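Worksheet: the structure to be examined is printed underneath.
Nothing in this text is a laboratory measurement; each read-out follows from the coordinates by a stated rule. Keep in mind that what you see is a predicted model, and the values were worked out from it rather than measured. Positions of Cβ are generated from backbone atoms using ideal geometry, with glycine treated the same way; all protein chains shown enter the neighbour counts.
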Amino acid sequence: MQQCPDEARRDAAEDAQWSRPECQAWTGTLLLGTCLLYCARVSMPVCTVSMSQDFGWNKKEAGIVLSSFFWGYCLTQVVGGHLGDRIGGEKVILLSASAWGFITAATPLLAHLGSAQLVFMTFSRILTGLLQGVYFPALTSLLSQKVRESERAFTYSTVGAGSQFGTLVTGAVGSLLLDWYGWQSVFYLSGGLTLLWVCYVYRAAIFSQLSAACSFFILLSWLPTFFKETFPGSKGWVFNVVPWLVAIPASLFSGFLSDHLISQGYRTITVRKFMQVMGLGLSSVFALCLGQTSSFCKSVFFASASIGLQTFNHSGISVNIQDLAPSCAGVLFGVANTAGALAGVVGVGLGGYLIETTGSWTSMFNLVAAISSLGLCTFLMFGKAQRVDLSPIREDL
């Protein structure tokens with residue numbers, strides 16, 4: 001007997017729901033996510049007194065910073081629910097968490113970029129509010145589609161308890177960190193843990209893309225100044241042209257090599273990781289060499305090698321995002337690249353700060369190597385090529 005359309009839709013919805021083990025795993029994962037959401041949210045209230053003392057804020061100025069979170073938070077509630085219904089609540093949660101985790105971890109750096117700390121802190125809190133505003137509407141959308149009706153109340157209340165748990169953790173651990181290491185440590189911890197959570201759930205894709213983009217933007221922004229100041233008599237048409245001429249065939253070769261290796265039977269994730277070893281690992285070695293030579297020819301060679309090898313990221317992490325979630329690869333890459341652009345804001349500014357305070361270009365190249373190494377280690381440890389955008393069917397590449 002042929003099923004009526006309503007029965008077919010109901011059966012399809014039941015098939016899409018999580019099994020008992022899946023539901024338990026996701027409940028624990030989302031409980032931790034909600035906990036980290038509130039860890040990031042209450043970091044500012046916990047640190048306000050210390051920050052006010054450092055930056056000379058009065059109660060009115062502190063109130064502006066504290067309230068600015070809710071300016072953004074109230075604007076994305078409906079958007080979060082709509083996106084959750086359209087593309088899936090888990091995607092919205094993970095994409096937003098990657099961005100708010102980065103902004104939280106970068107808060108101490110933003111505070112020291114210039115003298116307008118009030119403006120930077122207010123802006124960062126507005127962004128955090130915008131990004132966290134989508135969380136609970138997307139969570140509601142996710143649980144309504146994936147959890148059986150008889151288990152929804154307990155699941156939601158368990159996940160929701162993370163808000164109190166996160167506030168408790170930050171109140172306790174954050175207060176100790178505040179006394180021992182200063183207010184900056186609270187933001188580093190809450191933001192860093194959020195990024196690790198996202199890396200675990202989404203197999204490190206966003207964080208590695210962020211690292212690759214940040215390293216590239218630092219070199220893109222500072223290499224011309226480096227050559228001009230270090231080698232005043234050098235020709236701009238050499239150091240501004242040669243590295244990018246090398247990068248074009250390097251990018252094409254990396255794509256050809258990657259596809260060839262996969263067609264020869266190598267596992268996709270093995271090839272992606274090899275490309276990242278070249279794009280983040282070996283390229284950072286040549287970046288370090290830039291800070292250790294006084295020869296113009298060698299500097300051009302090292303810069304060309306570093307920039308050229310960075311194009312291997314196109315065949316590594318950039319394509320890995322498509323491996324993980326082809327149904328929403330555009331959105332995921334957009335968020336990852338946005339995070340990379342924001343990292344570029346911090347990285348390029350921090351590079352200038354290091355050059356100015358140390359009087360040496362070596363510190364800037366060390367920064368590039370450190371960021372690249374962190375992204376590489378994260379991808380090597382957590383990177384996967386298994387689809388995560390289809391619940392019942394997963395294709396292991």
Practice prompt. Count the lysine pairs in the chain whose Cα atoms sit under 28 Å apart, keeping only pairs 8 or more residues apart in sequence or on different chains.
Written response: 7
Discussion item. With viscosity set to 0.890 mPa s at 25 °C, what whole-number translational diffusion coefficient in µm²/s follows for region 284-368 from Stokes-Einstein and a Kirkwood radius over Cα pairs?
Written reply: 166
Item to complete: Let me know the longest stretch in the chain that avoids all trypsin sites (Lys or Arg not before Pro) found in a DSSP loop with at most 15 other C-beta atoms within 10 Å.
Response: 1-147
Worksheet, complete the sentence: With Cα springs under 10 Å, the Gaussian network model of the chain assigns the largest mean-square fluctuation among A341, A287, A25 to A25
Discussion item. Using Cα springs under 10 Å in a Gaussian network model of the chain, which residue among G33, G316, G236 shows the largest mean-square fluctuation?
Written reply: G236
Practice prompt. Would you kindly derive the ³J(HN,Hα) couplings of region 189-196 from the backbone phi angles with the Karplus curve 6.51 cos²θ - 1.76 cosθ + 1.60 (θ = phi - 60°), listing them in order in whole Hz, with x for Gly and Pro?
Written response: 5, 5, x, x, 5, 4, 5, 5
Worksheet, complete the sentence: By the C-alpha gyration tensor axes a ≥ b ≥ c (rounded if a/c is under 1.5, else prolate when a/b exceeds b/c, else oblate), the shape of the chain is oblate
Discussion item. Residue by residue through region 27-44, what is 3J(HN,Hα) from phi via Karplus (6.51 cos²θ - 1.76 cosθ + 1.60, θ = phi - 60°)? Round to whole Hz and write x for glycine and proline.
Written reply: 4, x, 5, 6, 4, 5, x, 5, 4, 5, 4, 7, 4, 5, 5, 8, 4, 5
Worksheet entry | Charge tally in the Cβ shell below 15 Å around S67, where Lys, Arg are +1 and Asp, Glu are -1, S67 excluded | +3
Worksheet item: Using the Karplus equation 6.51 cos²θ - 1.76 cosθ + 1.60 (θ = phi - 60°), what ³J(HN,Hα) coupling, rounded to whole Hz, does each residue of region 265-273 give in order, writing x for Gly and Pro?
Response: x, 5, 5, 4, 5, 5, 5, 4, 5
